[in-house]
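Chemist: First, the structure itself, so that you have it in front of you.
The values are calculated or read from the model by the stated rules, or taken from the named source; none is laboratory data. No experiment lies behind these values; they were computed from the predicted model shown. Cβ coordinates were reconstructed from backbone atoms using ideal geometry, including for glycine residues, and neighbour counts include every protein chain displayed.
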Amino acid sequence: MGNTVLLGSLLAVMSGMMNGSFTLPMRFLGRWEWENVWSLFIVFSCLLLPALILLAVAPQSWAILAHAPGHATWIAVGTGFAWGFGAILFGQSVSAIGISLANTLVLAISSALGSFVPMVLLGQTLSSPAGKKIVAGVAVELVGIAFCGLAGRRREQTIGIAGERGDLVGHARPLGVALLLATGSGVLSAVFNIGFALAKPITEYGRAAGLSEFSATNLIWWLMLAAGSIANLIFCGYLLLKNRSLAKFTQPGSARLYSLAAIMGVLWGGSIFVYGAAASRLGPLGPSIGWPLSLATGLLLANAIGIGLGEWRRVSRGTNNLMYTGIVVLLAAIVVLSRASY
């Protein structure tokens, strides 16, 4: 049991590393519009990669999925579709305020709700030991979010809206708008983990039909990712027509841009499947424990990337310290959330 939990924890950390780094290629895609990058990212991460994984590890998955419990299937599709709008908001928030601040706010909100709600839905009460720790973790996390938001406001006042963007795809936006985007993304991203927790009957059905735990979990991911891709591709299609950016797919020298978009898709899409393998090894509360552990790793790495790229280079030491304090508080909150397993 101890080795299984350790492996699950390591997989959750690996998932977080992939999740925290997938936006890095967006810094080098400024020759394209946001919709060019995001539409390809969605195709790779939500459609091609999941289908290839299912075909590789369990070709019979399609037949099994056709007979999976109907109510769980609709939960996976519905929550996946809702998450799709969160993915749109996240992509917009990264372009608006940069990798480090966008990831910090979105991952913190998603971590809190993605841990709290599945715990309640899985039958734990707020007065239980696990419930008290998760409530405490969410409260501390709100303090950390406030610190990071204040640091972002000071950065905007010091270096302006555009900040240190480099060749980041998309357009900068005022912090108030970006905070709304990040908040909406955090809430809807948490729906992704909630849907995974509630769609567990699909995994149980797959196991009974002879699939491994990993392959059975992938049935849920395929449903949710495919449903989420619908909202994203419709929105990207609208922007491609509105901004007349469709022609940029064929501009000279686009091979490098296609490669970077594919790397984004493999990193993020792969992180989801690695997270699924982690959660199944962390016991009954796997979705409440693996989620914050994965997001904590992603939060740290995303901030390291943002700092390394100079997103906080021209702000005062006090503003930097405020941001670092927020990150430390968020990590403390995530530790509290992780302790709910004990």
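Chemist: So which residues in region 26-42 are within 24 Å of the chain's Cα centre (by Cα) and either among the hydroxyl-bearing types (Ser, Thr, Tyr) or modelled with pLDDT under 85 (or both)?
Modeler: Met26, Arg27, Phe28, Leu29, Gly30, Ser39
Chemist: Mind checking whether some residue in region 17-34 is assigned to a helix (DSSP H, G or I), over 17 Å from Gly98 (Cα atoms) and out of contact with any Cys (no Cβ under 9 Å at 6 or more places or on another chain)?
Modeler: Yes - at least one qualifying residue is present in region 17-34.
Chemist: Do you know which residues across region 64-76 are surrounded by fewer than 20 Cβ atoms within 10 Å (Cβ to Cβ) and farther than 12 Å from Leu219 by Cβ?
Modeler: Passing the criteria: Gly70, His71, Trp74.
Chemist: In the list Gly298, Gly290, Gly283, which residue meets the criterion of being buried (at least 21 other Cβ atoms within 10 Å of the Cβ) and at pLDDT below 75?
Modeler: Gly290
Here's the yes/no breakdown for (1) touching a helix residue (DSSP H, G or I) at 6+ places or on another chain (Cβ under 6 Å); (2) at pLDDT below 85; (3) closer than 17 Å to Ser280 by Cβ:
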{"site": "Gly176", "(1), (2), (3)": "no, yes, no"}
{"site": "Leu179", "(1), (2), (3)": "no, yes, no"}
{"site": "Ala182", "(1), (2), (3)": "yes, yes, no"}
{"site": "Ser189", "(1), (2), (3)": "yes, yes, no"}
{"site": "Thr203", "(1), (2), (3)": "yes, no, yes"}
{"site": "Ala208", "(1), (2), (3)": "no, no, yes"}
{"site": "Leu211", "(1), (2), (3)": "no, no, yes"}
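Chemist: Would you please name the residue that is nearest to the chain's Cα centre (by Cα), looking only at residues in region 195-224 that are aliphatic (A, V, I, L, M) and either closer than 20 Å to Trp34 by Cβ or not in a helix (DSSP H, G or I) (or both)?
Modeler: Ala199
Chemist: State yes or no: is Arg165 crowded, with 19+ Cβ neighbours inside 10 Å, at pLDDT 75 or above, touching a Gly at 6+ places or on another chain (Cβ under 8 Å) and of a type in the set (D, E, K, R)?
Modeler: Answer is no for this residue.
Chemist: Another question, then. Assess whether Ser45 counts as being at pLDDT below 90 and under 26 Å from Gly298 (Cβ atoms).
Modeler: no
Chemist: Something else now. Among the candidates Ser61, Ser93, single out the residue that is touching a residue at least 40 places away in the same chain (Cβ under 8 Å), surrounded by fewer than 23 Cβ atoms within 10 Å (Cβ to Cβ) and not aliphatic (A, V, I, L, M).
Modeler: Exactly one of Ser61, Ser93 is touching a residue at least 40 places away in the same chain (Cβ under 8 Å), surrounded by fewer than 23 Cβ atoms within 10 Å (Cβ to Cβ) and not aliphatic (A, V, I, L, M), namely Ser61.
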